[in-house]
Amino acid sequence: METNTLTPLMQRFILHFGEMGSRWGINRTVGQIYALLYVSGRALNADEIADYLGFSRSNVSMGLKELQSWRLVKLLHRPNDRREYFEPPGDIWDIFKALLEERRRREIEPTLSMLRDALLEHPTNASDKQAQKRMREMYDLIELSSSWFDDVQRLQPETLVSLMKMGAKVKKLLDVRDKFRFSGKDAEKTDKINGE
């Protein structure tokens, strides 16, 4: 990457990532800073980032702080250089996990907290009982998803890749398991009917 020059391909990626960032809960500037760091292939300091993207130094500093809070960039120091350099985690799976964990912390945890509080209340009428029943269903689903997410977070990247590649094959595997489970129960029923 030449100093202060982005290729058209890099520009397209950076602009797109900035637009997508707003859909993921980060602003456009932060998304573009992250995309630049991701595709640059080297650690950059705040002045370099500002030059590449045409942003003010203060916007870059605020964006880098937000990215650090998401654990999407690492701070580096170089010998005989007082400037701070930033780079994303090297492993794409670490990035993926950090994004999911942060989304959960910002979006899912507050919902679970509200639902827990609502479920602790004692409903005094039929409408509240019905509402609380529906909230319980939502709470149970989110809790199950969170538990599954925790399990997935602990998997090695190779295992995650294998699991993702399996896709619909997992359903087929579960269908086969269910066939064996139910055929075993049917055999037990037949045995009971025949008096065996």
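The values are calculated or read from the model by the stated rules, or taken from the named source; none is laboratory data. These numbers were taken from a predicted model, which means no experiment stands behind them. Cβ atoms come from the backbone with ideal geometry, glycine included; neighbour counts cover every protein chain shown. Heads up: the accessible areas ignore ligands, DNA and RNA and are worked out on the full protein's heavy atoms, side chains in. Shrake-Rupley method; radii C 1.70, N 1.55, O 1.52, S 1.80 Å.
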> GNM, the chain, Cα, under 10 Å: largest mean-square fluctuation among Phe17, Phe180, Phe55?
Replying inline: Phe180
>> Suppose every Lys and Arg Cβ carries +1 and every Asp and Glu Cβ carries -1, with no other charges. What dipole size does the chain come out with about its Cα centre, to the nearest 20 debye?
In response: 300 debye
> What is the distance in Å between the Cα centres of the range 99-130 and the range 80-94?
Replying inline: 37 Å
> Once a ≥ b ≥ c are taken as the square roots of the eigenvalues of the Cα gyration tensor of the range 8-78, is the result rounded (a/c under 1.5), prolate (a/b larger than b/c) or oblate (a/b not larger than b/c)?
Replying inline: rounded
>> Let me spell out the model: positive unit charges on the Cβ of Lys and Arg, negative unit charges on the Cβ of Asp and Glu, origin at the Cα centre of the range 36-106. What dipole size does that give, in debye rounded to 20?
In response: 300 debye
> Which is the longest part of the chain that has none of the trypsin sites (Lys or Arg not before Pro) sitting in a DSSP loop with at most 10 other Cβ atoms within 10 Å?
Replying inline: 43-153
> Cα extents of the range 77-116 along the three principal axes, largest first, in whole Å?
Replying inline: 53, 22, 9
> Cα atoms only, the chain: Rg and Dmax in Å?
Replying inline: 25.1, 88
> Where only protein heavy atoms count, and the probe is 1.4 Å, what is the accessible area per residue for the range 39-116 in Å²?
Replying inline: 57 Å²
>> Given an 8 Å cut-off on Cα distances and at least 6 residues of separation, report the relative contact order of the range 31-153 as a percent.
In response: 19 percent
> Direction-averaged shadow area of the convex hull around the Cα atoms of the range 108-165, nm²?
Replying inline: 4.8 nm²
